Amino acid sequence: MGRHSANNSRLNGDARRGVNQPTRRRHRENENTMRGRHDASPLDDIRDLKYDSAGARRAGSLERAPERLQGELKRRRHRGRRIAGIVGIVIAAIVVIAAAGGAAYYYHLQKMVNTKVGDKKEKLSLNLAQVGEMEPYNLLIMGYDKRKGDTQYRTDTMLLARIDPKQKKVWLISLPRDYKVTIPGYGSRKLNAAYSFGQEKLAIATIENLTGQKINHYMGVDFKGFKAIINAMGGIEVDVPAKINDPKADYTADKHASKIDAGLQTLDGEHALVFVRTRHFVDADFSRMKNQQLFFKALANKATKMSATQLPAVVTSIVPYLSTDMSLMDLLRTARDLKDAGADSMYTTTLPGKWVSPFIVPDEEKKAEILKKFSEGVPFEGSAEKKDEASKTTLKPSEVDVTVRNGTTKVGVAKQAASVLKTRGFNVGEVGNTDQQNVYDKTMIIYKTKKDAANLVAKYLQPNVKIVQSRGMYSFKTETMVIIGKDWDIESLPVTNVKTN
């Protein structure tokens, strides 16, 4: 009844307008034909159906479309749902495959770590001290002096790091490779021999005995791996203190990485290896370790500039080159900790000692002070804040004896510097040339035990002179010695120009 009533109402309305329903439909079909719409869908017949926001049909509309139109609607809806279902399945499949692929890739990398390191750790019977996830941990970093064909080799570099994830700070101690230590079962030896005698297990035991610190993790890499790490990071920007030309430290076939200019440089893997390995200094390993500390800070700075999404890619790219007890997740956490700390929250120093050939003999008192600060998480002296040591000394120039030597090819610069120091009241002794044939790029002040004496001398010379402790590496009779370098410029001194013969 309702249906007929509605149709009658619609027909009555159309009749009042002088148009009946069959006539309107024929007109529409004619229009479709005229427009070339031979493929017009039956749904076009109900395009005039209107619905309000509540879903009810407006007055004057058909209550129900013809059966053939209802069938077309159902087919279209079913087809739309089927397409949406297929798209959903595809997206779900992509997500599952990506997740499975990521999990498979992670598993592959972890398996690589376990195969390369885990089995070795088990064979070595390493029993490293465990710490909580956010607790400070000690990481031993070793660079292997491994060359082609070597079956037994020593460590070229050893660094002991304390990493505090909560404070976001890092302490780094350079361990001189010639440091005189007692290696269990081998007696007094150089520190770098421990690895060659017993690999990680003996190296870790030796360093724990030396420092009194428990090692929680270790990480080792050879020359090839080091270069791969730096290249994976896109190079490291370093402010190189002095020009380097050392073919012995360069392992490229054509020796193209031997030379590094002073100043701000972006070092690729090959040049970075030369920078951290070169011993082309008068004090050999001590300047070398300072370079390594400088480089490690620069590396931490680079890490801070990398996004969190970049770190996993870098870590996974270096996994094949690492020897470590750490899981892939441990490596990612360490990368994160270094990134969070950065260079400004990194404190560096070197285990102190004096060169007595063929060893560096430890300074036990100063060593104990450094290791106490390391274990307590206290900044090393001079790390957290700059100190004007020269202004705090009680020494007077008349209490400081100075030797002056010419480290350049210029004639008379040693006498010139000696005259400057004499006018300031220093006791100048021997004046002459250096014993070695090296040409020094930078002016240096060498001291035996009194660093405040060297700082006082530096106060009256040009800015940024290099201050180095002798540690038996230099031969001179006075407390301090000035070696004039190519950077000597009397115009930059805080004194009146002095004329010399």
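The values are calculated or read from the model by the stated rules, or taken from the named source; none is laboratory data. Keep in mind the model is a prediction, meaning the values are calculated, not measured. Using ideal geometry, Cβ is built from the backbone for each residue, glycine included, and neighbour counts are taken over all protein chains shown.
Do you know which residues across the range 393-417 are loosely packed, with under 13 Cβ neighbours inside 10 Å and not in a loop (DSSP other than H, G, I, E, B)?
Of everything in the range 393-417, just one residue is loosely packed, with under 13 Cβ neighbours inside 10 Å and not in a loop (DSSP other than H, G, I, E, B), namely SER398.
Conditions tested, residue by residue: (1) at pLDDT 85 or above; (2) not β-branched (Val, Ile, Thr).
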site: VAL356; (1), (2): yes, no
site: ILE360; (1), (2): yes, no
site: ALA368; (1), (2): yes, yes
site: GLU376; (1), (2): yes, yes
site: SER383; (1), (2): no, yes
site: LYS386; (1), (2): no, yes
site: LYS392; (1), (2): no, yes
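Give ILE215, ILE230 a once-over and let me know the one that is assigned to a helix (DSSP H, G or I) and either out of contact with any Lys or Arg (no Cβ under 8 Å at 6 or more places or on another chain) or under 22 Å from LEU322 (Cβ atoms) (or both).
Of the residues listed, the single one that is assigned to a helix (DSSP H, G or I) and either out of contact with any Lys or Arg (no Cβ under 8 Å at 6 or more places or on another chain) or under 22 Å from LEU322 (Cβ atoms) (or both) is ILE230.
Scan the range 126-152 residue by residue and report those that are hydroxyl-bearing (Ser, Thr, Tyr) and under 16 Å from THR206 (Cβ atoms).
TYR144
Which one of these is at pLDDT 90 or above and in a loop (DSSP other than H, G, I, E, B): ALA242, ALA272, ALA257?
Only one candidate passes the filter, namely ALA257.
Quick check: is even one residue across the range 240-261 among the acidic types (Asp, Glu) and in contact with a His (Cβ under 6 Å, 6 or more places away or on another chain)?
Checking the range 240-261: at least one residue is among the acidic types (Asp, Glu) and in contact with a His (Cβ under 6 Å, 6 or more places away or on another chain).
So which of GLY485, GLY472 ends up being touching a strand residue (DSSP E or B) at 6+ places or on another chain (Cβ under 7 Å), under 18 Å from SER287 (Cβ atoms), touching a residue at least 60 places away in the same chain (Cβ under 8 Å) and surrounded by fewer than 19 Cβ atoms within 10 Å (Cβ to Cβ)?
GLY472
With respect to ASP363, determine if the residue is free of Cβ contacts under 8 Å to residues at least 40 places away in the same chain, of a type outside the set (Gly, Ala, Ser) and touching a Gly at 6+ places or on another chain (Cβ under 7 Å).
So ASP363 fits the description; yes.
Exactly one condition in (1) out of contact with any Pro (no Cβ under 9 Å at 6 or more places or on another chain); (2) closer than 17 Å to VAL465 by Cβ; (3) modelled with pLDDT under 90; (4) not acidic (Asp, Glu) is not met by VAL428; state its number.
Of everything listed in (1) out of contact with any Pro (no Cβ under 9 Å at 6 or more places or on another chain); (2) closer than 17 Å to VAL465 by Cβ; (3) modelled with pLDDT under 90; (4) not acidic (Asp, Glu), VAL428 misses just condition (3).
When the range 441-469 is examined, which residues are found to be touching an Asp or Glu at 6+ places or on another chain (Cβ under 9 Å), part of a loop (DSSP other than H, G, I, E, B) and either modelled with pLDDT under 85 or closer than 19 Å to THR408 by Cα (or both)?
Within the range 441-469, ASP441, LYS442, THR443, GLN462, ASN464, VAL465 qualify.
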